[in-house]
Ligand code: SF4
Ligand code: SF4
Ligand code: SF4
Ligand code: SF4
Ligand code: SF4
């Protein structure tokens, strides 16, 4: 029996849904394993029919997001978050560190038309989540693995291993050691196979915090490499600013920026 | 700590001289013997072992400058091919592969059909490896070949190795092979051994294959002056600033299980696994089942693991090494102390890789000396 799937979108760029659509001919074969019930980007609209699997892309930033999310939860067996926005609040969670009313007035000609919540929050802060797919965007391999496991009746196992391990297996030479690149690899989970180090760049941390992330030590190392407190904040605030381990570093180094200004 | 005997070199009298201009003939001789030649070259800002298309690809006139958490290549004072000491890897990824398919399976109407993975083992000649690399190779041999369950993939490649080693003419700042007894002079495990001089090489062969290759080269007798130069540069390489305590002292690390220093190291340690991955003797792995969603083809893959990773400490539903301090302790206690019970010597050959490639700049030797200098718990 094919797994019935609904793909929902809250506040996001739709990039994760493209991980589905971009697979070309493989999508046709995938259709043998799953039946899409609701997937607006693919032209299917049927949000309230119960499904086995609801994939939720996007964070909760409006009242409407929240209402729809509750409906999604009520109509699925497994709810799986898809990507950084849904899993940690995403890039847009940067605004959680600012005053949303000030931003509204700065950005929009008619701020009174904008109906938004103060914060961008992950799905798990509102409803029960069965499994999380980290990544900005998620990879097709993650989605395939999920569907494969679910169609066999098991939830996939979480892998919060660090990017460094993938980097070493791919035989990349460490760019933090050779080029003093501020690489997030030691505190973030793998998913891309250490793509950025393979291009001589430090990792940005697209897949969110890893297990046992020692942010204190890595940030100290960044400072030792010559990064200013503001630059350290930027490294941790990039994609998953709303996660507790990244927040801790953002707060720690923001205090130093304030002190420097004083 | 018992005192250490001074280093004395034993540059043998049966060495012959190969002019620099004939190094290409050594390369060609290896090719003619049927080997794919793997040699050092500059890639990704480091000295990396990769297939060598000719001796011009060697890192002529380059050397590395290392420190905890640092590795930088720069021009050397001398136009030599082997003036560097180490890169991030040596033999290990060629024998104990970071990713090794163990078996493949295909779902059919008659059940699962199993297939063996295609092997890429072939006759390979390594040129430019060091004494510490050979010591590490012998340790990995013990683990992968001489136990009750020899590893077929490792063994198949290992049996087809030809080794052209080089004696170190200098030591990187992170080298400490003298204190572990593994360098800087190669004394076993090679087919051919070179001492690189300003204008050529002293060459020594061991075994039938090494002597056969040597006989094809346009060598001359080595002069006493050349031999003295080789001895002098070996002595220079033996002047190393770091010293690992001797094996017996290292065994007493197991008396430091609750030392507070583990906690202090854990404040800095990122539990990233770089040290164990670059360590030429570490052998831990885990297995993953990979499956193609549509075709139903699946494979069992063995990948490098590390005692610094979460899953490594996950045993029978419990994690026995949740904290970073426990993981660092495992690395040090296994490598330096309990390894001795397992393989009759310490697992450290003094190459210094774990020091220069640690992104948090943690110095293994310094930490161990600090710990052993402190009072036991
Ligand atoms: S380059 Fe980055 S990901 Fe790779 S080992 Fe170094 S710190 Fe880790
Ligand atoms: S550790 Fe010793 S043998 Fe190894 S590269 Fe350094 S000096 Fe040479
Ligand atoms: S000692 Fe260094 S290389 Fe090893 S896990 Fe800790 S931070 Fe990583
Ligand atoms: S423990 Fe460090 S110095 Fe010793 S062999 Fe391993 S990488 Fe080299
Ligand atoms: S030190 Fe750690 S990674 Fe290395 S062999 Fe021992 S347990 Fe395995």
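The values are calculated or read from the model by the stated rules, or taken from the named source; none is laboratory data. Everything numeric here is computed off the predicted structure, so don't read it as measured data. Using ideal geometry, Cβ is built from the backbone for each residue, glycine included, and neighbour counts are taken over all protein chains shown.
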_Taking the conditions exactly as written (at the interface with chain B (Cβ under 7 Å from one of its Cβ atoms) and surrounded by fewer than 22 Cβ atoms within 10 Å (Cβ to Cβ)), does residue A:169 satisfy them or not?_
yes
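Could you list, in sequence order, all residues of region B:135-152 that are closer than 19 Å to residue B:49 by Cβ and either crowded, with 20+ Cβ neighbours inside 10 Å or in contact with a helix residue (DSSP H, G or I) (Cβ under 7 Å, 6 or more places away or on another chain) (or both)? Working first, answer last.
Pass one, region B:135-152, residues closer than 19 Å to residue B:49 by Cβ: B:135-141, B:144.
Correct list: B:135, B:136, B:137, B:139, B:140, B:141, B:144.
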*Select from region B:252-288 the residues that are in contact with a strand residue (DSSP E or B) (Cβ under 6 Å, 6 or more places away or on another chain) and away from ligand 5 (no atom under 11 Å from the Cβ) and list them in ascending order.*
B:272, B:287, B:288
*Got a number for residues in region A:53-68 being over 20 Å from residue A:21 (Cβ atoms) and either in contact (Cβ under 8 Å) with a residue 60 or more places away in the chain or outside any helix (DSSP H, G or I) (or both)?*
6
*Restricting attention to region B:319-328, does a residue exist that is surrounded by fewer than 21 Cβ atoms within 10 Å (Cβ to Cβ), under 17 Å from residue B:143 (Cβ atoms) and modelled with pLDDT of 95 or more?*
no
*Near pairs, Cβ below 6 angstrom, 6+ apart or cross-chain, from region A:155-166 (over 15 Å from residue B:272 (Cα atoms)) to any residue that is modelled with pLDDT under 95 and surrounded by 17 or more Cβ atoms within 10 Å (Cβ to Cβ)*: A:156/A:145; A:156/A:146
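Search region B:236-275 for residues being assigned to a helix (DSSP H, G or I) and closer than 17 Å to residue B:353 by Cα, and hand back the single one that is farthest from ligand 2 (Cβ to nearest atom). Steps first, answer last, please.
If we filter region B:236-275 for residues that are assigned to a helix (DSSP H, G or I), which is where we start, we get B:236-237, B:247-256, B:261-268, B:274-275.
From the residues that got through so far, the ones that are closer than 17 Å to residue B:353 by Cα too are B:237, B:274-275.
Working: B:237: 5, B:274: 18, B:275: 16 Å.
Restricting to residues being assigned to a helix (DSSP H, G or I) and closer than 17 Å to residue B:353 by Cα, the top hit is B:274.
Every residue in region A:126-154 that is more than 7 Å from chain B (Cβ to nearest Cβ) and more than 19 Å from the chain's Cα centre (by Cα), please. Show your work before the answer.
Restricting attention to region A:126-154, the residues satisfying the condition of being more than 7 Å from chain B (Cβ to nearest Cβ) are A:126-143, A:145-146, A:149-154.
Passing the criteria: A:149, A:150, A:151, A:152, A:153, A:154.
State whether one or more residues within region A:168-191 are over 19 Å from residue A:88 (Cβ atoms) and within 16 Å of ligand 5 (Cβ to nearest atom). Show your work before the answer.
Here is the first cut: in region A:168-191, the ones over 19 Å from residue A:88 (Cβ atoms) are A:168-183.
Imposing the further condition that a residue be within 16 Å of ligand 5 (Cβ to nearest atom) reduces the set to A:168-169.
Yes, some residue in region A:168-191 is over 19 Å from residue A:88 (Cβ atoms) and within 16 Å of ligand 5 (Cβ to nearest atom).
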